[in-house]
Structure formats: structure tokens, C-alpha cells
1. Do the alpha carbons of any pairs in K333/K636; K386/K631; K342/K465; K342/K449; K386/K421 sit beyond 29 Å of each other, and which pairs?
2. Please report the net charge: other residues with Cβ closer than 13 Å to the Cβ of F317, K and R +1, D and E -1.
3. Accessible area per residue, 1.4 Å probe, Å², for the stretch 324-459: what's the number?
4. So, counting K/R as plus one and D/E as minus one, what does the shell of residues with Cβ under 14 Å around F250 add up to?
5. Which number do you get for Rg(Cα) / (2.2 N^0.38 Å) in the stretch 417-466?
6. Sort 270-277, 425-432 for me by packing, meaning the mean count of neighbouring Cβ atoms within 10 Å per residue, highest on top.
7. With a 1.4 Å probe and all protein chains left in place, how much of the accessible area of the stretch 300-348 comes from carbon and sulfur atoms, in whole percent?
8. Which semi-axis lengths, in whole Å and largest first, follow from the square roots of five times the eigenvalues of the Cα gyration tensor of the stretch 263-341?
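The values are calculated or read from the model by the stated rules, or taken from the named source; none is laboratory data. These numbers come from a predicted model, not from an experiment. We place every Cβ from the backbone using ideal geometry, glycine too, and count neighbours over all the protein chains shown. Side chains are part of the model used for accessible areas, which takes the heavy atoms of the whole protein and leaves out ligands, DNA and RNA. Shrake-Rupley method; radii C 1.70, N 1.55, O 1.52, S 1.80 Å.
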Amino acid sequence: MIGTLLCYVLLPAARLLQALRDAFFTYRKNVLLAKSPSTQIEGVFAATTGRLVPEEQEALLQQWLEEGVGNLPASESVPAVRKVSVTLTSDWLEGSELLMTSLSDLNTSLEVTQCADQQHSELNALASSELQDHAVAELARLPSEEAVTVAGSAPWAAVVPQTDHQTVGRTDINVEVLNDDPAVLAWGLACDAETVPPVLPAQPIQDAVPFYPVPTEVPYHEILWRDWEDLSVQPCVLEQVSKNTSLFEFRVMSYNILAQDLVEQGLDLYVHCHPDILNWNYRLPNLLQEIQHWDPDVLCLQEVQENHYWEHLEPTFKEMGFACFYKRRTGTKTDGCAVCYKHSRFQLISLSPVEYFRPGLDVLNRDNVGLVLLLQPVLPEGLGLKAVSPLCVANTHILFNPRRGDIKLAQVALLLAEIDKIARTAEGSYYPVILCGDLNSVPDSPLYKFIRNGELSYHGMPAWKVVSGQEDFSQQLYSRKLLAPLWPSSLGVTDKCQYVTLCQPKKPGRREYSRDFLLQFRFCDVACERPPQLVLLEGVTDAKPVASARENSAVAAVLKRHNSLSFLDKQCSGVIQHGLNLTSVYSHFLPQRGRPEVTTMPMGLGATVDYIFYSAEPVENKAGECRRLYKDGALKLLGRLSLLSEDVLLMANGLPNPFCSSDHLCLLASFGLEISSL
């Protein structure tokens, strides 16, 4: 009878009751999922997945009224709780957006309804003495469930299952406890799974509103789980590392941490995110905890906001044992790149900031920057007369604009020229190099192939195609094409991505373009050609200059010494090269899932734009293969942190989310440098 009255007389109260049931069911299920094995949870909720009959609805309502209102302090009363009834628009909580919304957010919503008192009066009418007796009888027949608690102490607090079966009494709602969702704070599971402070259990909200159940039944830390891939046990690595060879092992992390100014300037890119998780005060602890958890020895960061670096990041990193260096973007930009290394593992040999902006050059008119460091590994005591090679570490953030491949290519060429200068040894070889950064280019794009294969023929190539491959502008009639030379000779960078001054050291006391210098070219092929517009004068312009053997040899020697002219010829051919022999840490494909790896997810589309390249030794290719093959040399890849696929990130509502506080995933790799005897 009471159920009939609920369905036909008090329709608004019935809808509210169903909402309360859905809200409490979803909240308890998510908490248990973060604490218990899946088999246990399935047993608890198997009987409650369907719609409850009216008698069970009444019993559940009465249970909340008895346990919640009965335990409120004397200073509080039921009417005080009734005033928090809210109404949410259907657009605010749909699908996976609920993953980042705690129940306390529902209580504190600004859209307070004016019909709250009417709804509460209807609920009070239902909660009569007769209804209470009926509800108690129904509750007696329901199986008892194990009480669960929610951790709510430190921002990174861990939530672990209780070892004993115990029942904890209900209490009033604690907003701070509800905000610390165990799925959001799951990083703590890996940090300190044994220390759990005493906490108070959460209580369901008396006047929640209808919202949709969570689309996935797995907490964030399970959705976004990333495996550590140990590559040191692979046969190809074991063959190269003999038993008598010791290695200096270290970890390198590359991470675009998303500058807060860029978040606020492009909020349209993050409409899928709850505003609270975009707040810097929320994101900073997450980012720091993630870095501290993986414990890298070298840390390369992009999109580091300047004031946040000096106020928050650098002081924290110094406490963690890092020495830090920062380079802000030129112009009016407020973010930049940072490189940090543990001073207990490395010592600084040299530091070289790189600015890509060159006044007056259209191909280098953007404010991106980079950093190149030469580090000396610090060997532990007791190894005797041992030595290890210095390590060159570079970090950069290349221009995003997908249409300006010419600018991206020129920026990469400048960075490689700086690496060539820093990493080159006195004998002409190179120290091991690790290049990190957000290159805003996808795998197998021409720019990626240039870095990995060491050569690119760019002349006539569409500018959008050279770099990112993030967008396809092939349908445009008038797309920008790259023409040779890509940059003028005044830049001082050769087609081999080397500084001209390093390739051709100037001799003291010699003027490069003096009259005597130019006269040495009077018998070269270009000078001996008769211009077609030249007026023919017998005895004056009809004779071809003839050089003696001595003069011919002098011209050849001059051309050999000053190969800047040949550099211009090669530049005009539209081919650039570099000799650093770099390969990627990641394969950019997940064979177990049959999907490509992604490092970022702008507008819901996954892409790989972040990389860690490292020095390797090229292997001879078979005839006809254009992709260069590599094997580990003095610098060996020992392991890496696996990446995720697009479908996995979609399950977590993309990036950023409450678990990952950047729109990029971090990259992490473990390396080993051979230690040799002196």
C-alpha cells in the first residue's frame, strides 16, 4: 500500500527516493572497488543491481533517516540538513564526467532549488511511526554488509582494505573526507600502503539528486596502470653486457606538466574536466607525488611556468636532492623548460641554453627554447681506477603550429647543432646523448624520421607534412611548401646541423672576403663562363680566361678550405643531415593491445608527440631499406615505463583527469653507461 502511494500520489518524492538509491549505491560501490577484490564486490552488489521494489525503497530510506539523523550532534537538526537539496542540469553530470565529481560537490552546488522544503515535508510524512516499524522489519531480513572507510588525511593518503571484519558507526558528513576519493588519490597505494590514519566513515547524503552511475567499475589507478618493462633481460641486451662489464645505471624522465597559464588561456580544450582538477593547487601535489614516486635521476620538464618554478618546483626539487636549471621562453611567454639532476649522481660540466628566436628570420620567429647540459656521472666509492663517459642531456619544446613545419625543422636543426657542439669530443666523436622533449610531431612523420635516420630531403614538401602529421591539410589548394635553402647562411648552421665556426675555424689575421681572397676564384668554373648579356667586343670580351696548372691547384685548395660554397650548394639541394645516431626509447605501438601508444590526448584524440631519444650504434641495413637500424652502444637501454593507448585514456575521461594532472603522460626510461678501467 505504501509503495502504491509512493508511485501514484507522491511522484516527486518517488523520483527523489530513486535518486537517493542510485547515489548511495554508486558511491558505496566505488569505495569498495578501490578496497576489495572484484569477486568480493560482485557478491556484495549482485543482489542490488536491479530496481528495488517499493518496500525495499522504503526500508533504504528509513535506514538513512535513522542512521544519519540519529547520529547528528545536538546542535544540528533535520531541517538544517534539508537545506542542502540541489538540482543539477543534465549537462553537468553525464557519462565519465562523474568520475571526477565527489559527493561533497553535489552538496555544495550553487543551484539550490526552491522546492527543498516541500520535498522534505513529503519525506517526513513518509517517515511516520508506522513506516518506521515497517522499515525496521524489512531491514531485519536484509543481509548485513561489511562497513568500509574512506581515507581523508594527507593529500596523497593511501586507501587499503581493512583486515578485520568490523562495523563502524555512522557520523555526520565530512566534506574533506568525501573530497579524498580513493580512486583520485590512488598514487598513495604505491607510496605507503601500510600506513593508514584512522578516519571516519562517510555517510550518504540525505537529499541528493538523480545522477548517472559511473560508466566503469574500475578505479583510476587500475584503468591507468602502467607496467615497468625490464629490457635488461632481453637476449640482445644480455649479449652486449658481459659479466665483467659494470654499468652506471640511472633513470631519465621527460614530462610536459601543462603550464597553468596555458590552461586558463585554452579552457575550451578542457571542457571534459571538472574545474576543480584544473586548479594548480590540486595539480601541483599530484605532479610532485608522481615525480617522487618514479624517482628519476634526470628530470626534463616542459611547459614549466616561471613563477611556479621559482615559488614551488625548484624549492621542492632541491629538497629532493636535485640541482635545477630553467630557461623561460623568449618574448612575453610565461613558461619554459627545466632540467634537473640529482647532484649525488651527476656533476655539471657545461650548460647551454638555446633560443630559437632570430630577429628578421621568418623561419625562426617563434619563442620556443631548449636546454643542453653536459653531465659527468659520479661513481660510487670503492670502484678503484674506473671511469665513465660524460653524458649530454638535451630538453626542448618545439612549436605546436601544425602548419609551420619549416619553423619546426629549423628549431630542431638549431638544437642538434648545439648538441653537436656540446657533445663532440676532441677526437671528433660524440659523448652519449639523451634528447627529451615535446616535439609536437607524430612517429614516422618526416621530422621524426630526420631525427632517427639522420637525413631528410625536404625541398618541395608541404610544411604541414614535415612535422607533426597531427592535422591533414592536403585538401588545401595553396599549402605552404618548403624551399631550399631552409635558412640563410647568415644563421651559421650547415646542412649537417653543425655550426660553421666549428667546422671551419678562422685563421687569425686573415680577412675572409679581402681582395686577395676573391682573386683566388678568378679562374673557377663560374668565373670562366661568359654571361649571355655581355656585349661582344673583339679582343676584350671574346677571350676565355685560361689558368695555369699552378693556378688550378690553388683554386682547388681554396675550395677545399672554404667549403662554405659547397654548403650553399647542398642547402639548395634541400637535404639536411646530422650524425648523432639517435633512436627512440619507445616503439610507439602496443603489441598486446594492437594499438598505437599515445602520450597526449588533445580534444579526445590520442597522439604521440613526446619522446626520449638516445645514442646508439647504427646497424647495416639490407639493400633497399631506408629505415636505419640501431643496437645499443656505450649507452644501454635497460627499461622503460609503458605507455597507454587511446581507448584506455578514454575510459578515464581523457587527460587531464583526477589521477593524471597534465594533458601529457610522463615518459620514463632506465639507462646504463659502461664503466671502463683507466
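1. With Cα atoms farther than 29 Å apart: K333/K636; K342/K465; K342/K449.
2. Working: positive: K318, K342; negative: D295, D297, E311, E314, E319.
So the surrounding residues net to -3.
3. Dividing the accessible area of the stretch 324-459 by its residue count gives 36 Å².
4. +1
5. On the way: Rg = 13.5 Å, N = 50, 2.2 N^0.38 = 9.7 Å.
For the stretch 417-466, the normalised Cα radius of gyration is 1.39.
6. Numbers: 270-277: 16.2, 425-432: 12.0.
Top of the packing list down: 270-277, 425-432.
7. With neighbouring chains kept in place, the figure for the stretch 300-348 is 46 percent.
8. 23, 17, 10
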